[in-house]
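Since the structure comes first, as structure tokens, the remarks are kept for the end.
The values are calculated or read from the model by the stated rules, or taken from the named source; none is laboratory data. Because the structure is a prediction, the values reported are computed rather than measured. Glycine gets a Cβ as well: all are built from the backbone with ideal geometry, and neighbour counts include every protein chain shown.
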Amino acid sequence: VAEDGLNGWLRYARLDDCHTKGKLDSIPKTIITLNATKDSPLETAGTELQTGISGILGLDLEINPGTSEKSTKFVISTADAYKEEYGDLPEGVDLIDDGFYLNSKDADVLIIGSNQRGALYGVFEYLSRLAQADFFKDVYVTNPEVPVRWANQWDNLWANGTHGSIERGYGGVSIFYDGFGHVREDLSRVPLLGRLLSSVRINAIVINNVNADASLFQGTNLDGVQRIADLFRPWGVQIGLSQYFASPQTIGGLNTFDPLDEGVITFWTDLTNEFYRRVPDLAGYVVKANSEGQPGPITYNRTLAEGANLFAKALKPHGGLLMFRAFVYNHLADWEDWHADRANAQVEFFGELDGKFDDNVVVQIKYGPIDFQVREPVSPLFGHLRNTDVAIELQVTQEYLGQQCHLFYLPPLWRSIFDFDMRVDGKESYVRDIISGKVFNRKRGGYTAVTNVGMNATWLGSHLAMSNLYAFGRLAWEPTLDSVDILEDWTRLTFGLSRGIRDAVTEMSMLSWPAYENYTGNLGIQTLTDILYTHYGPKPASQDNNGWGQFYMVSNWTIKTGTRANSESIGMDRTCWNGTCNAGQYPDEVAQRFENTDTTPDDLMLWFHHVPYSFKLHSGKSVIQHFYDAHYEGAETAATFPDTWEKVRGKLDDERFEHVLHRLKYQAGHSIVWRDAINEFYRNLSGIPDEAGRVRNH
Ligand code: GCW
């Protein structure tokens, strides 16, 4: 078992006697793993249970000691194997793939998975409870909301590009690649990551950047891919691969990558067969096509569906999935065009392709129509794909959200998206039910997140950021879980059972989204960060004059910023009566709500409307005064974080305490930089003073 940081929330710290007194006798003394073969998830389940119980309770259990019926036992098994050996389960349960049944009511503890992976998940569940001093004596049955629960890593083979070794990664260099074009020799981090992912029931990981480099699939790297898959497999984690659309040309020696060309089809079929020969349980591919300069089918006047189906057909005989990204927009758009709106692109590109995708294609949609911003309405595309399986794409890596230098607990933001009611056909249709397939009667749905863990000893670059990785898995399994409940579990597992630590982490984490939104970009205006390069720190002017900007502006305005702000007014007009008609991409009831300032919530006001600075919000404040106040409030909240954390000094090891403190102090300082940069920018632009008379005094 690795050192603390690498164990994340799987530390299995010894419980105090006060928690275990009188309870150890009820713990079975041996572990039976029925029919476990070498390196199988079932075998892993046995050893993990042994490790966990030894850590948490200090008891040494034996695995498979022969069937000595006398001593009490843990039985870890698939449902089928259990049936063969012992007959029916004590009660009838309906398990679907990856689900499990846990029964600790009686002397023997049964941990039965629908499959081997499910059994492993059951062990993690049992240990998670035990580590939190819950000597659970009951029955627990659980099934996943969706079958696709994938982590995406944006790891590059080469570390000398503009994006470094992991694109938008803030936790060090890649755990897979050496930065010089090769899979690492030393892959010892891989099983450690597999263990973390498996413990929160993430069942696959895409191991290379969606801006894909086909050289991963050449020469010895192919062996490397196979080694990575072999190391994840015992944890029940499959791998997926990002594919580069033009590979038939770049590595295949063809003069085309037209998806309808016979040679191209043969190229992908052969390559895919070769992958499956090496990695029989390959989960599938992710493809980013015709987006941000990536090649795609549109080059040949083929549709995105024709492009997706090319891969889907090659994967189909092997049971693989094609995750096709909906993040398509024209980054060379004319920023002077009043109606050009990047937020419209996905529905424009994909709306009419609904039903044209093969049945093993899943369209992978970022949660908002733009790009992982601090506040976005849900992507309207979720309301359009009635005949296509969809997955939502989240980011655990905090690209626009402080890059792990700022604490930002993401579940409340994610939940606001999952819980949005799209009112498709005027009926209740929560986004989470669209994703799961319930609303449109689809069979398969998915939750994916760009995780971007790296070689840093904390994985993500910050101890507290790990709550987001943990929560992603928990929510992908059960999207209605409460953000605080998840966080409390994570905190107990990571920092022990101290109430003080739990209160501090919860207080800061639950304030972190509103604080960040306040001191960066509020009212739906976006984060106002440097949009062109770093995506970090304030730079409202950079939204200007380029297709990457979140907004486009009007040519005859003298001051052109990406917020479409001039000296009088601000915000993006996305109404149908006067703007880009992005509001009109939502189902009627929602469209009408966003069409009007009266019914648009304040936090999305500038997303949908262009209004004067003096415009009165529902809160009663003017837009500009809200800006000033919110930026001060946000920075004030961040200033409380170091003090809140100080209260737990001495309740955990100094190393983690200091590491967290350092980040929180930095955040408190940087929030002031944000506050002043944004407030000054808009004060200069609008010429309207802050009613409270606050001015930057440095
Ligand atoms: O937000 C942008 C990122 C790019 C990323 C792209 C995408 C992998 O800045 O770095 O490319 O999104 O999601 O494809």
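So here's what we get for this one:
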{"quantity": "Residue identified as within 16 Å of the ligand (Cβ to nearest atom), of a type in the set (D, E, K, R) and surrounded by fewer than 20 Cβ atoms within 10 Å (Cβ to Cβ) among E306, E292, E274", "calculated": "E292"}
{"quantity": "Residues of the stretch 1-25 classified as part of a loop (DSSP other than H, G, I, E, B), under 36 Å from the mean Cα position of the chain (by Cα) and farther than 14 Å from L127 by Cβ, total", "calculated": "3"}
{"quantity": "The one condition in (1) in a loop (DSSP other than H, G, I, E, B); (2) within 35 Å of the chain's Cα centre (by Cα) that P28 fails to fulfil", "calculated": "(2)"}
{"quantity": "Residue that is farthest from the ligand (Cβ to nearest atom), among those in the stretch 374-421 that are in a strand (DSSP E or B) and among the hydrophobic types (A, V, I, L, M, F, W, C)", "calculated": "V390"}
{"quantity": "Search result, residues across the stretch 212-227 that are assigned to a helix (DSSP H, G or I) and in contact (Cβ under 8 Å) with a residue 40 or more places away in the chain", "calculated": "S215, L216, F217, N221, L222, D223, G224, V225, Q226, R227"}
{"quantity": "Residues within the stretch 344-362 that are in contact with a Lys or Arg (Cβ under 8 Å, 6 or more places away or on another chain) and either within 16 Å of the ligand (Cβ to nearest atom) or within 17 Å of S291 (Cβ to Cβ) (or both), tallied", "calculated": "1"}
{"quantity": "Flag for I96 being assigned to a strand (DSSP E or B) and either touching a residue at least 40 places away in the same chain (Cβ under 8 Å) or exposed (fewer than 13 other Cβ atoms within 10 Å of the Cβ) (or both)", "calculated": "no"}
{"quantity": "Filter pass, S429 being over 20 Å from the mean Cα position of the chain (by Cα) and of a type in the set (G, A, S)", "calculated": "yes"}
{"quantity": "In the stretch 433-472, the residues that are more than 16 Å from the ligand (Cβ to nearest atom), under 22 Å from Y409 (Cα atoms) and assigned to a loop (DSSP other than H, G, I, E, B)", "calculated": "M455, N456, A457, T458, W459, L460, G461, S462, H463, L464, A465"}
{"quantity": "Test: residue in the stretch 364-384 that is of a type in the set (S, T, N, Q), surrounded by fewer than 22 Cβ atoms within 10 Å (Cβ to Cβ) and touching a residue at least 24 places away in the same chain (Cβ under 8 Å)", "calculated": "no"}
{"quantity": "Single condition F257 does not satisfy, out of (1) under 27 Å from the mean Cα position of the chain (by Cα); (2) buried (at least 21 other Cβ atoms within 10 Å of the Cβ)", "calculated": "(1)"}
{"quantity": "Boolean, S199 is surrounded by 19 or more Cβ atoms within 10 Å (Cβ to Cβ) and either more than 16 Å from the ligand (Cβ to nearest atom) or within 16 Å of W459 (Cα to Cα) (or both)", "calculated": "yes"}
{"quantity": "Those residues of the stretch 473-513 which are of a type in the set (D, E) and not in a helix (DSSP H, G or I), in sequence order", "calculated": "E478, D482"}
{"quantity": "Considering residues of the stretch 202-211 that are at pLDDT 95 or above and assigned to a loop (DSSP other than H, G, I, E, B) only, the residue farthest from the ligand (Cβ to nearest atom)", "calculated": "N203"}
{"quantity": "Filtered residue count, the stretch 309-327, keeping only those that are free of Cβ contacts under 8 Å to residues at least 60 places away in the same chain, buried (at least 19 other Cβ atoms within 10 Å of the Cβ) and more than 16 Å from the ligand (Cβ to nearest atom)", "calculated": "7"}
{"quantity": "L460 vs. criteria modelled with pLDDT of 95 or more, within 22 Å of R492 (Cα to Cα) and surrounded by 19 or more Cβ atoms within 10 Å (Cβ to Cβ)", "calculated": "yes"}
{"quantity": "Search result, residues across the stretch 150-187 that are among the small types (G, A, S) and either buried (at least 21 other Cβ atoms within 10 Å of the Cβ) or touching a helix residue (DSSP H, G or I) at 6+ places or on another chain (Cβ under 9 Å) (or both)", "calculated": "A151, S165, G169, G171, S174, G181"}
{"quantity": "Criterion: within 23 Å of the chain's Cα centre (by Cα) and within 16 Å of the ligand (Cβ to nearest atom) - qualifying residue of N156, N143", "calculated": "N156"}
